[in-house]
Amino acid sequence: MELFKNTNIDFLGKKWTFIGASLVLTAVGLASWIGKGGLKYGIDFTGGANIVVKFASKPPVEKIRSAVSAKIPGELSVQEVSAENEVIIGTPIKGDVALQSETQTIIQTLASTFGDSSGKLDLNNANGQTLTDHLRGPLQQASVAVSEQQLRDLAKSILDFKNSPPRSGLLASFDQLSSVNGVTPQVLNVIKQQCHLSPFSIRSAEVVGPKIGAELRNKAILATLYALGGMLVYLAFRFELAYGLAAVIAVFHDVIITLGLFSLFNKEISLNVVAALLTLVGYSMNDTIVVFDRIRETLKLSRRELSPKIVNDSINQTLSRTVLTSGLTFISALALLLFGGPVLNGFAFALVAGIIVGTYSSIFVASPILVFWHDYIQRRKQAPAAAAAK
């Protein structure tokens, strides 16, 4: 499919406008970066605790924040995942022991704020061993004959049923358990007497220590640098070193500007964002390779030296492909940004910003660098001959 036919746009003639825009974005992003003392890293890299809590209805975010903040001092994040009726409660970096303690404090605070104060077992947040221990005596008193193994199997069946979709951790009524194997009317009556159902369920509690966070951050940086280095070697082998340097500089430019935008908009860098940046590196590099490959083919056919006209012709010939691939990917990433919720927000933001910056960098950054480098080499070759003539 070809959107544009026989276009003759002077892309290189407009290079200074886009190079100027890149310099401004880079300067503003780095200024924000330095002014804020660095990028804002998420718990994945700094260490902390992430607790995912599912509610039966729309979570009362402010009530959650107020209740937990009263128990835990310092900065606290409460992000709502509206489509799932979930919230992600995050605490900042502290020692490993303190993080474990704070995780328990958050869970206990949620239980006291939204749970039942009757002392009954909260079935929506019970584990297998706790449920087994809690039901053993009452079942015996109710003359329900079950062996120890049968009791453990019963507790496991109940929790497996609770955690499977569409319940996904939350029971709305005890009567839902009537379909579970082993839950007879007599057993169900005991469960109703001994347990209650909170309107929330702790889906996961993840603790990342400071040392692990720092190690993850270093590995993420190395992964990005290794990707750039590997691509430089590949392009130098497939094309020439000049092509590889131009492409890597353009991709490095994309990453720096994207990180600068993260700093400007005060967004966190998480493992999801690193995955998006690596995706961006590959995507932008692929876009640049398509243009460079067409430049190489044009040079072979015309048997001429590299010139702005050949570069412009090559970009015009690949313009339809660039617009189609970039446009479709941009629409998908934009949909994720608008409707993906807080969990995917950083990932989608990196892709949206990266696709825009990466598309124009392939045309207005990588290609001009290639021409500048070629002209520089030609001037160096001509300098000795000019000196000899003088």
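Bear in mind these aren't lab numbers, they're just calculated from the coordinates by the rules spelled out. All figures in this text were calculated on a predicted structure; none of them were measured in a lab. Glycine also receives a Cβ, built like all others from the backbone with ideal geometry; neighbour counts cover every protein chain displayed.
Overview of results
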quantity: Helix 15-35 axis, angle to the chain major axis (alpha carbon atoms, nearest 10°); calculated: 40
quantity: Nitroxide proxy distance, nm - points 7 Å out along Cα→Cβ at Asn266 and Lys36; calculated: 0.8
quantity: Sites Gln129 and Lys300, calculated FRET efficiency, Cβ-Cβ separation with R0 56 Å, nearest 0.05; calculated: 0.20
quantity: Cα principal axis extents for the chain, largest first, Å; calculated: 111, 46, 33
quantity: Nearest-0.05 FRET efficiency for Ala205 and Asp160, computed from C-beta distance (R0 22 Å); calculated: 0.65
quantity: Acute angle (nearest 10 degrees) that the helix 96-114 long axis makes with the longest principal axis of the chain, alpha-carbon atoms; calculated: 60
quantity: Dipole magnitude of the chain, debye to nearest 20 (Cβ charges: Lys/Arg +1, Asp/Glu -1, about Cα centre); calculated: 1200
quantity: Space enclosed by the convex hull of the alpha-carbon atoms of region 94-253, per residue, Å³; calculated: 204
quantity: Projected label distance in nm at Arg65 and Asp116, using a 7 Å step from Cα toward the beta-carbon; calculated: 3.1
quantity: Cβ-Cβ FRET estimate between Val146 and Phe174, R0 fixed at 22 Å, reported to 0.05; calculated: 0.75
quantity: Region 246-390: radius of gyration over Cα atoms, expressed as a fraction of 2.2 N^0.38 Å; calculated: 1.29
quantity: Selected from Val274, Ser101, Ser32, residue furthest toward positive end of dipole (the chain; charges at beta carbon); calculated: Ser32
